[in-house]
């Protein structure tokens, strides 16, 4: 994860797109999940592995977005997961830099429109450098789309930043209302981290929605997603199952792995929340320390003015100056506390929720599979009954239904296998990233502490002769 | 670690040396061991070691305040009551066998003890180094008497008198500022003390808040260390070691930060606190002098009236003479006291500011080397 500073590009030499963000966001702010709840179901049947089956069916008339999605996905998923692993090995040469900047106020929201600048040498992008404008709701929309497309397959989709500033301490110092300045920076930084995390995911990086989000000067209206739902349902209903070998679901030994991992994530969730709370407390107290130091500095200056012994008076004034400088150090350190550690921990707490969600998806998939099996059994029983009933059309229908449900059972088993495989891979990637992120961040943080202390030494060493000069 | 007393040139005189080598914190009381070494003939033995409670110090202070003879002197401020709120509850529970003190609570208690010993010690040393106070009868009893002083203290009149004195003090400022001052020295002192006292009170309060925040930050490092250790438990070996190492770093940081905050408190906050009280004692002196001046002026008026009436003139003359004598005496000794007070204050501030700065530098350097060492280890892992 890049720190805000490192990831930032000066957008001056990149001409931003002339068109501002387009039309009204379609109520995505309020309940993004709702719009896509249905979409999840249909899109699962659209899953790329079943691409060959779909191509027979009628392609519904939808806005241009959809076909783009499907064709590109075919690209991505024709490759075996192993190829993805290789890609991950090469991630050290991962060359993509994203910066989110120029927050603009739109209406009541102080940080709604932002510039998004991308610099990369990766070939999937059409240009080396792009700069576009996006609304906060666009980010949320992107996440919704990705969640609906990938979560059910076991991919850990990075969560989008929250709308509210929960857990942020507001400190008013002086005339400035720092809380809105801090809010803007918090959101800007969160959006940047969100995008970086998203493109670090090898599958998501190639997703056309992501590419479009990063590159297109204008995003299409979100209204298309509604149409997608309808078409998806249509496809599901028209489905005809293939006759495939019966497969009985075995409880794979790998289940122990899942059980173990789920428990681990439960524990990690608790631990990270606790750690996060401690760090938030540190941020809060350091901000208080900064405020109190500034307050003391003023008081010491007043005392110095009142002091009638000249040399002591001067020394007290200088003490006040040192304390003022130290106050600034505390403020900077509090920022480091916050942006380096606290926000990262917050991100991980949310990521773990996504991970747990993915485990849930697997269980849903398994349940679906079980349901299909139950249904198949029933159809077989029904057919058996009709064997002796001498109703040839009904018998034929029953046989057809059996075939249909056999196909569904197969599909369910494949889905289950696929999601299990994906989750294993995703969890492996997650663990690696988690360890790497933490190692990197803790060193950066300790270095920030070193810097603060070194500055303190400088300030106090400058003050020492002043104190000694009191005569 | 040097105490404020050294700056005030106390304990230089070997004829009467006092220190508090030990203090015991029992359930709700602190018992100070007051150790005296003396070559003065007024004492029966050359060395004493007695147990005293905070209330004994207050009794001693109050008797001195109420001694007419000392009206022209700055009375060393009474030490504040030991503040053991939190730890006190814990000690209670300990006695009842309930809970045990954590390392942190114990450390906090030790810090409080350090502070309170220092301030009680300085009080005694101010007395012992002053030519007049050291000869005080009650002071000697305080140092010598090997029994409990409780009975002596329970003198209700003295206690009530003390309380009354405190109430009256708040009228000080009005009287002091209302005085038509002829003497340039006292005019300046009055203006200075009135302004300075409010400023130093404010600085003390702000320093207290700053120190408290600093301690909170140290506490947070402690919690972070604990949380990191919890997280370490569930990980594979390599990362686990890494996390444990990080937890260790934060634990060490906590110790340094805590020590930084304590030293700042002892050198800066305690210094300011002490001189806030000392300034008040100086103001009390001005107040007594102002009262004496008012008495003198009244006696003048009374004399005029008596002369007019032709009655009790001799008595009025005598009264006036005495009032003038008292006022002059207060002015003379007051001037000496206030001058030496300024010198004392400057020396104390200098010493403490230097020591505080040197300690800040030392602790910061410790932090840097601790952090850099840890960064190396973590990078190489």
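The values are calculated or read from the model by the stated rules, or taken from the named source; none is laboratory data. Just so it is clear, the model here is predicted, and its values are computed rather than measured. Note that we place each Cβ from the backbone using ideal geometry, even for glycine, and neighbour counts take in every protein chain shown.
Among residues of region A:271-282 that are more than 7 Å from chain B (Cβ to nearest Cβ), those with a Cβ under 7 angstrom from a residue that is surrounded by fewer than 22 Cβ atoms within 10 Å (Cβ to Cβ) and not in a helix (DSSP H, G or I), sequence gap 6+ or separate chain, pair up as A:280/A:167.
For region A:389-409, give me each residue that is under 19 Å from residue A:362 (Cα atoms) and either free of Cβ contacts under 8 Å to residues at least 24 places away in the same chain or out of contact with any helix residue (DSSP H, G or I) (no Cβ under 9 Å at 6 or more places or on another chain) (or both). None - no residue of region A:389-409 is under 19 Å from residue A:362 (Cα atoms) and either free of Cβ contacts under 8 Å to residues at least 24 places away in the same chain or out of contact with any helix residue (DSSP H, G or I) (no Cβ under 9 Å at 6 or more places or on another chain) (or both), so the list stays empty. Could you tell me whether any residue of region B:247-263 is buried (at least 20 other Cβ atoms within 10 Å of the Cβ), at the interface with another protein chain (Cβ under 10 Å from one of its Cβ atoms), assigned to a helix (DSSP H, G or I) and without any contact (Cβ under 8 Å) to a residue 24 or more places away in the chain? No. Residues in region B:199-209 that are touching a helix residue (DSSP H, G or I) at 6+ places or on another chain (Cβ under 6 Å) and either more than 7 Å from every other protein chain (Cβ to nearest Cβ) or in contact (Cβ under 8 Å) with a residue 40 or more places away in the chain (or both) were compared, and the one that is farthest from residue A:300 (Cα to Cα) is B:208. Per the listing A:449, A:386, A:464, A:395, the residue uniquely within 27 Å of residue A:275 (Cβ to Cβ) and either surrounded by fewer than 20 Cβ atoms within 10 Å (Cβ to Cβ) or within 10 Å of chain B (Cβ to nearest Cβ) (or both) is A:449. Scanning region B:22-56 for residues that are outside any strand (DSSP E or B), touching a strand residue (DSSP E or B) at 6+ places or on another chain (Cβ under 9 Å) and touching a residue at least 12 places away in the same chain (Cβ under 8 Å) gives B:29, B:39, B:40, B:43, B:45, B:54, B:56.
Each row is one residue, and each column tells you yes or no for (1) at pLDDT below 85; (2) within 15 Å of residue A:198 (Cβ to Cβ); (3) more than 11 Å from the chain's Cα centre (by Cα); (4) not in a loop (DSSP other than H, G, I, E, B).
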{"site": "A:117", "(1), (2), (3), (4)": "yes, no, yes, yes"}
{"site": "A:126", "(1), (2), (3), (4)": "yes, no, yes, no"}
{"site": "A:134", "(1), (2), (3), (4)": "no, yes, yes, yes"}
{"site": "A:147", "(1), (2), (3), (4)": "no, yes, no, yes"}
{"site": "A:150", "(1), (2), (3), (4)": "no, yes, yes, yes"}
{"site": "A:155", "(1), (2), (3), (4)": "no, yes, yes, no"}
{"site": "A:164", "(1), (2), (3), (4)": "yes, no, yes, no"}
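Any residue in region A:336-358 that is more than 24 Å from the chain's Cα centre (by Cα), more than 9 Å from chain B (Cβ to nearest Cβ) and in contact (Cβ under 8 Å) with a residue 40 or more places away in the chain? Within region A:336-358 (the criterion being more than 24 Å from the chain's Cα centre (by Cα), more than 9 Å from chain B (Cβ to nearest Cβ) and in contact (Cβ under 8 Å) with a residue 40 or more places away in the chain), the answer is no, since none of the residues qualifies.
When residue A:412 is tested against the conditions (1) more than 10 Å from every other protein chain (Cβ to nearest Cβ); (2) more than 30 Å from residue A:379 (Cβ to Cβ); (3) surrounded by 15 or more Cβ atoms within 10 Å (Cβ to Cβ), the lone failure is (2). Which of the residues spanning region B:177-198 are in a loop (DSSP other than H, G, I, E, B) and touching a residue at least 12 places away in the same chain (Cβ under 8 Å)? Scanning region B:177-198 gives B:179, B:183.
Is region B:127-142 home to any residue that is facing another protein chain (nearest Cβ under 10 Å) and at pLDDT 85 or above? The answer is no, given that none of the residues of region B:127-142 is facing another protein chain (nearest Cβ under 10 Å) and at pLDDT 85 or above. Among what's in region B:341-350 and is in contact with a helix residue (DSSP H, G or I) (Cβ under 8 Å, 6 or more places away or on another chain) and facing another protein chain (nearest Cβ under 9 Å), pick the residue that is farthest from residue B:282 (Cα to Cα). It comes out as B:350.
Filtered by the rule that a residue be within 14 Å of the chain's Cα centre (by Cα) and under 28 Å from residue B:26 (Cα atoms), region B:47-86 gives B:54, B:57, B:58, B:61, B:76, B:77, B:78, B:79, B:80, B:81, B:82, B:83.
Only one of the listed residues (B:378, B:353, B:371) is within 14 Å of chain A (Cβ to nearest Cβ) and surrounded by fewer than 19 Cβ atoms within 10 Å (Cβ to Cβ). That residue is B:378.
Taken together, the residues in region B:130-154 that are surrounded by 17 or more Cβ atoms within 10 Å (Cβ to Cβ) and assigned to a loop (DSSP other than H, G, I, E, B) amount to 3.
Report yes if residue A:336 is assigned to a helix (DSSP H, G or I) and modelled with pLDDT of 95 or more, otherwise no. It is false that residue A:336 is assigned to a helix (DSSP H, G or I) and modelled with pLDDT of 95 or more. Taking region A:424-446 as the range and being surrounded by fewer than 17 Cβ atoms within 10 Å (Cβ to Cβ) and away from chain B (no Cβ under 11 Å) as the test, the residues that pass are A:424, A:428, A:437. So which residues in region B:217-226 are surrounded by fewer than 20 Cβ atoms within 10 Å (Cβ to Cβ) and facing chain A (nearest Cβ under 7 Å), if there are any at all? Across region B:217-226, the qualifying residue is only B:223.
Is it the case that region B:324-340 has a residue that's free of Cβ contacts under 8 Å to residues at least 40 places away in the same chain, closer than 21 Å to residue A:312 by Cβ, within 22 Å of the chain's Cα centre (by Cα) and within 14 Å of another protein chain (Cβ to nearest Cβ)? Yes, region B:324-340 has at least one match. Applying the selection to region B:227-242, what residues are facing chain A (nearest Cβ under 8 Å) and in a helix (DSSP H, G or I)? If the condition is that a residue be facing chain A (nearest Cβ under 8 Å) and in a helix (DSSP H, G or I), then B:227, B:228, B:230, B:231, B:239, B:242 are the ones that fit. Given (1) touching a helix residue (DSSP H, G or I) at 6+ places or on another chain (Cβ under 6 Å); (2) buried (at least 21 other Cβ atoms within 10 Å of the Cβ), where does residue A:349 come up short, assuming only one miss? Failing condition for residue A:349: (2). For residue A:291, the conditions (1) more than 7 Å from chain B (Cβ to nearest Cβ); (2) under 30 Å from residue B:240 (Cα atoms); (3) crowded, with 17+ Cβ neighbours inside 10 Å all hold with the exception of (2). What single numbered condition from (1) at pLDDT below 95; (2) within 10 Å of chain B (Cβ to nearest Cβ); (3) surrounded by 20 or more Cβ atoms within 10 Å (Cβ to Cβ) fails to hold for residue A:308? (3) is the only condition that residue A:308 fails.
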